[in-house]
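To keep things clear, I will list the structure first and then write my remarks on it.
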Amino acid sequence: MNIAIIPARGGSKRIPKKNIKNFAGKPLIAYSIEAAKASGVFDKIIVTTDSQEIANTAIELGANVPFIRPANLSDDFSGTRPVTNHAIKHCIEHFYKPEYCCCIYATAPFIEAEYLHQGLNSLKKSKDKAFAFSVTSFAFPVQRALVKQDDGVTPMFPEDINKRSQDVTEAYHDAGQFYWGRTDDYLSKKRIFSEHSIPVILPRHLVQDIDTPEDWLRAELMYKAYIQGLKSDRNS
């Protein structure tokens, strides 16, 4: 059995009520719940939140909210792993022990069921990996990054600054969408951002952090353009 765990705290400060704010016509959290449902691989889709308003929205969208998250896991410093593990332990205590768990961010409107499938299948096929999570490539070589220094700039990696793009190793970053793991591995001390994980590579046009109002505007414009492009392709 598999469960999806969607953390959705109510205390967003930079974008008030971010998780249930209207994004291109639906509450932002709806996209994560709908992708989890569309994947067909989850026995339960659990939203962990400290907000009754978010809980009500999640239930209306077809998710389960079996508890209101305790205050000690709901402040600005609460990490995703402790929140996820709390939900896993609740599931084990009150329902059953799942084989695989997937933490899905509530702020991932570009998430697609096919990549959730890919992550789960990759993990199932692996004999020695504990996790599989979404990543995407940097649009520009990180080895040629600059940092501001006083009133000028300096290379972050001086040894690479003059190298051609094709001569440096392609780098990836966390895409902030989903994190598959075996239940026992989630509850262990194994780190996700480590050799224990399999990367699920997403195209860059399906990745956008939403932390600030500027991020929100960019993501909504990207989403509308992406959906419009899909519709045009289907009608052509």
> How long, wide and thick is the chain, going by the Cα atoms along their three principal axes, in whole angstroms, largest first?
Replying inline: 58, 46, 41
>> From the C-alpha coordinates alone, can you work out the Kirkwood hydrodynamic radius of the stretch 32-144, in Å?
In response: 15.8
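Restricting things to alpha carbons, find the Rg to Rh ratio for the stretch 127-236 using the Kirkwood radius for Rh.
Numbers: Rg = 18.4 Å, Rh = 17.2 Å.
Value, to two decimals: 1.07.
Determine the dipole magnitude for the stretch 1-134: charges of +1 sit on the beta-carbon of Lys and Arg, -1 on that of Asp and Glu, nothing else is charged, the reference point is the Cα centre, and the result goes in debye to the nearest 20.
Working: 17 positive and 12 negative charges, 50 e Å.
Taking the Cα centre of the stretch 1-134 as origin, the dipole is about 240 debye.
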>> When only alpha-carbon atoms are used, what values of Rg and Dmax, in angstrom, describe the stretch 1-70?
In response: 11.6, 37
> Put +1 on the Cβ of every Lys and Arg and -1 on every Asp and Glu Cβ in the stretch 35-193; which of Ala35, Phe131, Ala87 then has its Cα farthest towards the positive end of the dipole?
Replying inline: Phe131
> Nearest-5 percent of antiparallel DSSP beta bridges in the chain?
Replying inline: 50
> Just going by the charge dipole of the chain, with Lys and Arg at +1 and Asp and Glu at -1 on Cβ, which of Tyr96, Asn19, Pro70 is farthest out on the positive end?
Replying inline: Tyr96
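With +1 on each Lys and Arg Cβ and -1 on each Asp and Glu Cβ, and nothing else charged, work out how big the dipole of the chain is about its Cα centre, in Debye to the nearest 20. Could the numbers behind the result be given before it?
Values: 30 positive and 28 negative charges, 86 e Å.
Using only the charged Cβ atoms, the result is roughly 420 debye.
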>> Can you show me the helix-derived [θ] at 222 nm for the chain, built from DSSP H runs with n ≥ 4 at -39,500 (n - 2.57) apiece and divided by the number of residues, rounded to the nearest 500.
In response: -10000 deg cm²/dmol
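Given the Cα-Cα distance of Leu187 and Lys37 and 0.36 nm per residue of separation, how much length would full extension add, in nm? List each step's numbers first, then the result.
Numbers: separation 150, 0.36 × 150 = 54.00 nm, distance 2.45 nm.
Working it through step by step, the gained length comes to 51.5 nm.
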> In nm, to one decimal, how far is the modelled label at Arg144 from the one at Ala113, with both set 7 Å along Cα→Cβ?
Replying inline: 4.1
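What does the convex hull of the alpha-carbon atoms of the stretch 86-139 project to on average, in nm²? Kindly include the intermediate steps, with their values, before the conclusion.
Details: hull surface 21.8 nm².
Dividing the Cα hull surface by four gives the mean projection, 5.5 nm².
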> Hey, which lysines would be in cross-link range of Lys89, C-alpha to C-alpha under 18 Å, not counting anything within fewer than 8 residues on its own chain?
Replying inline: Lys44, Lys97, Lys189, Lys190
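Just so you know, all these numbers are worked out from the coordinates, no wet-lab data involved. The model shown is predicted, which means the values in this text are computed figures rather than measured ones. Positions of Cβ are backbone-derived with ideal geometry, glycine not excepted, and every protein chain shown enters the neighbour counts.
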